[in-house]
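> My structure is below; once you've seen it, I'll send some questions.
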Amino acid sequence: MASRTTTQKAFQAITIDDEGRVCADIPESACHQEPGNFFKHVGSLALTKGADGLIDPKLVLSWLMTSLGAPVALIGLLVPVREAGALLPQLLTAGYLRKLQRRKWAWAVGSLVQGLGAAAIGLVAITMTGAAAGWAIVIALAILALARSICSVCYKDVLGKTIDKSRRGTATGLAGSIASVSVIVYALALSSDLVDRMLLVTGGLFLAGGAWILSALLFSTLKEEAGATEGGKTALKEAYNNFTYLRDDPQLVRFILTRGLLTATALAPPFMIAVGSQAGEGYDKLGFLVLASALASLCSSFVWGRLSDRSSRKVLVFSAMVAAIILAVTSWLAFAGTLSGGYILPVLLFGLMIAYQGVRLGRSTHLVDMADKDSRAAYTALSNTIIGLLLLAGGVFSLVANWFGGEVVLAVMAGMSGLAIWAAFGLDEVQRG
């Protein structure tokens, strides 16, 4: 009893607001279990987000494959495989997952497979080199990404059933802040010369695997109400029906447009680093890059999460504004040849990662709150599939950079972020009512 009282007190201390703790979007039985579920969500997400930082394909795996002598062409597959593999299958899997009354089990299995995938990459790092190592890592990452896609479809639905709408952003934001602390420690270790970097990276891969497995065990203890299972059709049938939401819900179309434009925040960092290196910055050290990303998450995740619970629409607007300014300034300084001065590039990278965290938390909270319990999984799958296609198409920016330079790419992405401000302004205030 004392433990339960402590949990309730901690829950109220973190989530209390002027309106008090009233459940408006989940049944009374789920409301009674909410304090315990809240901390299980935070713990599970903190573990998985920390694991994500330890194997970051843009940074850690790229460095690892380079060190193992893998071909550049395979290194270039890392981000597309991770992003597309995590998003594109969702439209087809949503129908099957709806057959589960309690979708926490699918999430737990997905997290378990991700843990095994990370451990497999760790084994490759200590046993293989060259092209063989590259192909093995890409294949393991593809399996990990597919498992991640299952977790992505299920998570928002489970979150919507177990945590009230006024506290969902707080849970995800707090988890992000906790995870960032562990990644900061990892980044500081990578930046030092105290431990061999390959040993740290390999150890980080196994640690990430353990974190995903532990998160699977923790998530499986959630108290989840049985949910609707209607609509569990065949993959093609479900895909067709999901696309009808685009015709019937203009707000969903506008949300996907906003999110699509804001993919600039995810795609821009490599081009920022490239133009900085060309200008003489040379900020390509693994420890620094991981540290910059983790610090941005630590400083902003909880704040963005709390703000998202009040207005996810405004969070998306403000994030788009920050991204547009940062990318425009970076492009202008690159054109002017002054990007190599002092700490200019680190500050700009940090600012963009602040905006990126706002985009992630704002769009996640907005999607959960705009959908009802019957459409939430379909909305998530449809949105993520379309964004996955857009991220694949984002490969064209590499051609643009090759022909016209990274400065032009950053200018285009600044324009995308500017358009996202307009798109986000037209979204509904879904936290009201």
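> If a residue must be of a type in the set (S, T, N, Q) and assigned to a loop (DSSP other than H, G, I, E, B), how many such residues does segment 156-172 contain?
Total satisfying the criteria: 1.
> What residue, of THR385, THR338, is of a type outside the set (Phe, Trp, Tyr) and closer than 27 Å to LYS49 by Cβ?
Exactly one of THR385, THR338 is of a type outside the set (Phe, Trp, Tyr) and closer than 27 Å to LYS49 by Cβ, namely THR385.
> Could you say which residue among ALA371, ALA414 is in contact with a Phe, Trp or Tyr (Cβ under 8 Å, 6 or more places away or on another chain), open to solvent by less than 30 Å² (accessible area, probe 1.4 Å) and small (Gly, Ala, Ser)?
Sole residue among the options that is in contact with a Phe, Trp or Tyr (Cβ under 8 Å, 6 or more places away or on another chain), open to solvent by less than 30 Å² (accessible area, probe 1.4 Å) and small (Gly, Ala, Ser): ALA371.
> With the requirement that a residue be without any contact (Cβ under 8 Å) to a residue 24 or more places away in the chain and closer than 17 Å to ALA51 by Cα, what does segment 121-149 give you?
LEU123, ALA140
> Can you find even one residue in segment 147-158 that is open to solvent by less than 10 Å² (accessible area, probe 1.4 Å), farther than 23 Å from HIS366 by Cα and at pLDDT 85 or above?
Yes.
> Quick test of your reading of the structure: VAL396 fulfils all but one of (1) of a type outside the set (Lys, Arg); (2) surrounded by fewer than 17 Cβ atoms within 10 Å (Cβ to Cβ); (3) on the phi > 0 side of the Ramachandran plot. Name the failing condition by number.
Of the numbered conditions (1) of a type outside the set (Lys, Arg); (2) surrounded by fewer than 17 Cβ atoms within 10 Å (Cβ to Cβ); (3) on the phi > 0 side of the Ramachandran plot, the odd one out for VAL396 is (3).
> Another one. Considering each residue of segment 325-347, count those that are assigned to a helix (DSSP H, G or I) and crowded, with 23+ Cβ neighbours inside 10 Å, and give that number.
Result for segment 325-347: 6.
> Oh, and also: Please enumerate the residues belonging to segment 32-60 that are modelled with pLDDT under 80, open to solvent by less than 10 Å² (accessible area, probe 1.4 Å) and under 22 Å from ARG376 (Cα atoms).
Once the filter is applied, which keeps residues that are modelled with pLDDT under 80, open to solvent by less than 10 Å² (accessible area, probe 1.4 Å) and under 22 Å from ARG376 (Cα atoms), segment 32-60 yields only GLU34.
> Here are some residues: ALA142, ALA125. Which one is open to solvent by less than 30 Å² (accessible area, probe 1.4 Å) and either farther than 21 Å from LYS104 by Cβ or more than 21 Å from the chain's Cα centre (by Cα) (or both)?
Going through ALA142, ALA125 in turn, just one is open to solvent by less than 30 Å² (accessible area, probe 1.4 Å) and either farther than 21 Å from LYS104 by Cβ or more than 21 Å from the chain's Cα centre (by Cα) (or both): ALA125.
> In the set VAL153, VAL138, VAL185, VAL79, which member is more than 30 Å from PHE397 (Cα to Cα) and either touching a helix residue (DSSP H, G or I) at 6+ places or on another chain (Cβ under 6 Å) or part of a helix (DSSP H, G or I) (or both)?
VAL185
> Checking TYR356 against (1) open to solvent by less than 20 Å² (accessible area, probe 1.4 Å); (2) within 20 Å of LEU261 (Cβ to Cβ), which single condition isn't satisfied?
Of (1) open to solvent by less than 20 Å² (accessible area, probe 1.4 Å); (2) within 20 Å of LEU261 (Cβ to Cβ), only one is false for TYR356: (1).
> With the requirement that a residue be in contact (Cβ under 8 Å) with a residue 24 or more places away in the chain, closer than 18 Å to MET65 by Cα and open to solvent by 50 Å² or more (accessible area, probe 1.4 Å), what does segment 199-220 give you?
PHE206
> What do you reckon, is SER180 under 15 Å from the mean Cα position of the chain (by Cα), more than 23 Å from TRP105 (Cα to Cα) and modelled with pLDDT under 90?
So SER180 passes the test.
> Condition test on VAL290, is it more than 18 Å from LEU59 (Cα to Cα) and either at pLDDT 90 or above or aliphatic (A, V, I, L, M) (or both)?
no
> Same structure again: Among (1) within 22 Å of SER364 (Cβ to Cβ); (2) in a helix (DSSP H, G or I), where does ALA131 come up short?
Here ALA131 meets the rest and fails (1).
> Return yes when VAL430 is assigned to a loop (DSSP other than H, G, I, E, B), open to solvent by less than 40 Å² (accessible area, probe 1.4 Å) and out of contact with any Gly (no Cβ under 6 Å at 6 or more places or on another chain) and no when it is not.
yes
> Moving on. So how many residues does segment 73-113 have that are among the charged types (D, E, K, R), closer than 17 Å to VAL158 by Cβ and at pLDDT 80 or above?
Looking only at that region, the number is 1.
The values are calculated or read from the model by the stated rules, or taken from the named source; none is laboratory data. Please read all numbers here as calculations on a predicted model, not as lab measurements. Glycine also receives a Cβ, built like all others from the backbone with ideal geometry; neighbour counts cover every protein chain displayed. Ligands, DNA and RNA are stripped out before the accessible areas are found, and what is left, the full protein with its side chains, is counted by its heavy atoms. Shrake-Rupley method; radii C 1.70, N 1.55, O 1.52, S 1.80 Å.
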